[in-house]
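Below is one structure, written out as structure tokens; the observations come after it.
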Amino acid sequence: MANILQVTTPNMDNRNVVNAQDPKHGAGNPAIRNPADPTRVVRSDGRDGEQMGKDTQDALLSVVDYDSNYGAFVKSLGEGGQLADSLERLLFTGMAGLDKAEVADLVEKFLMSMRLDSPEDLLSYLQGQGGLQAKFAGDFFNRFRFMLLQSSSRGLQEAALDFLRGYNNYSSGEHLLEQMHSLMDDIEQLLLRSYKDEFRELTQAMDWQAANGDTARNAQVLNKSLIPFLSEYISRTHDYGSVREATMLLVFHAARYQDGGLERLEKLFEAMESDKEFARLFEGDARESFEGLLGARSGTRPLSGFADGLSGLLLKGANGYAGLENIQQFYNIMNGMLMNESVYMPLLHFILPFQYEDNNVMSEMWVDPDSDRGEQTGARKIKLFLKFDIQNVGKFELVLGLQNREAAVQLFVPPHLIKEEKKIQSDVADILKNNGIRSSQLMVRRHTQDRRVEEIFPEIREKERTINVRI
């Protein structure tokens, strides 16, 4: 009879026999796709979740390394794309819990500072906010950049960097005063009761309204009274916790503040101006341009009410005054705003909410002031991405490239306005012409989706290919 079942004598020595059904052997077999492995948690198709995450990162950003500082920045940049929407909900549509009296008053005061009644008011507001957020902008720094690009003098470059550090501290004087004022209030709450009155008297000697560059009086109070008092307090009480940490931060701010004196800034400018290369490459009257820069900065305090009002509102919300359910929303807005201050931010980024003709407008703008230079002309190219959402009208997006006073424009409008395409093109062309700009390309398209910053500025991703590590 045929042995249909192929019965054989069993081999009792099975130490070298490989069981093909064992997952740990099947997983390494290239002929088996997505083998099930009960010893691990995998997706329904058997793919490793961690590897899938890396593949997704690779596809979206062309890199895998989120452990680098720059990779983490780009990831945060993508996650912070909802900043304008969050601010719009906060200011214009309201959040649950904002009926709290204290926060509601702050919102109303902030909105009052953004109500504009004429085109001139709107232009002044936009220019003022741009000036506040773009510190190294204007006629002086345009010439300054040209000089540095043309110069190969090591001495001039070092003098220029010293001047820039000095100017950064000078222009941050009012902000540093506010930071130190807030720190001193916190320190007073942390001190032992027997020391509080004396510390409060010392802080009252500070001039909290001092203008940028007027640092002599406050620096003397800090160096001869406040910091020695805190040093002695820490030594006596052995308080090496919160008081010491706050004091170290106060010393850091005080050093920057004192370094931003007007007299010192003028000496740094004179040292740079005395370089022969500077006199040869800086176009125009350097002294007049420098004095114009100082005059422009001296008038920024009224406009800084926008930043002060917003920061005060966010601080109240983050501390729970708008309701515990909204704390995370305020933190998200704060994190998005702080992205602008990152050392990796390669673009100028502006958030410009305002009210005009009874309409709420939320606008957001990214600018690369030196995105490219032509191979033949070597002319500077400016690239701009503007998003604005007008209440009861819809969302708009504008992508503009400007070089040699010639612009390539793409304008995306709400669907119901696309029928006005010809009229919109004509109006935009007239605006460009009135400002001395030719249009090499002018397209009006339907707005169908929100574009991401990385799409408009792909060079952000290209920088990720450099070596970068995180410690």
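The values are calculated or read from the model by the stated rules, or taken from the named source; none is laboratory data. Nothing here was measured: the structure is a model prediction, and the numbers come from that model. Ideal geometry is used to build each Cβ from the backbone, glycine not excepted, and the neighbour counts take in all protein chains shown.
Applying the selection to the stretch 222-254, what residues are among the small types (Gly, Ala, Ser) and within 17 Å of Gln179 (Cβ to Cβ)?
Ser242, Ala246, Ala254
Within the stretch 126-139, identify whether any single residue is of a type outside the set (Val, Ile, Thr) and at pLDDT 75 or above, and answer yes or no.
yes
Looking only at the stretch 443-471, filter to residues that are modelled with pLDDT under 55 and of a type in the set (D, E, K, R); which one of those is surrounded by the most Cβ atoms within 10 Å (Cβ to Cβ)?
Glu464
If you check Leu222 against the conditions, is it within 26 Å of the chain's Cα centre (by Cα) and crowded, with 17+ Cβ neighbours inside 10 Å?
No.
Restricting to the stretch 234-274, count the residues that are touching a Phe, Trp or Tyr at 6+ places or on another chain (Cβ under 6 Å) and either of a type in the set (Phe, Trp, Tyr) or assigned to a helix (DSSP H, G or I) (or both).
4
Residue check: is Glu88 in a helix (DSSP H, G or I) and at pLDDT 75 or above?
So Glu88 fits the description; yes.
Condition check: over 18 Å from Asp85 (Cβ atoms), at pLDDT 90 or above and part of a strand (DSSP E or B). Does Gln425 satisfy that?
Criteria not met by Gln425.
Tell me, which strands (runs of 3 or more DSSP E) lie completely within the stretch 310-409 with 3 or more residues that are at pLDDT 85 or above?
359-373, 380-390, 394-403
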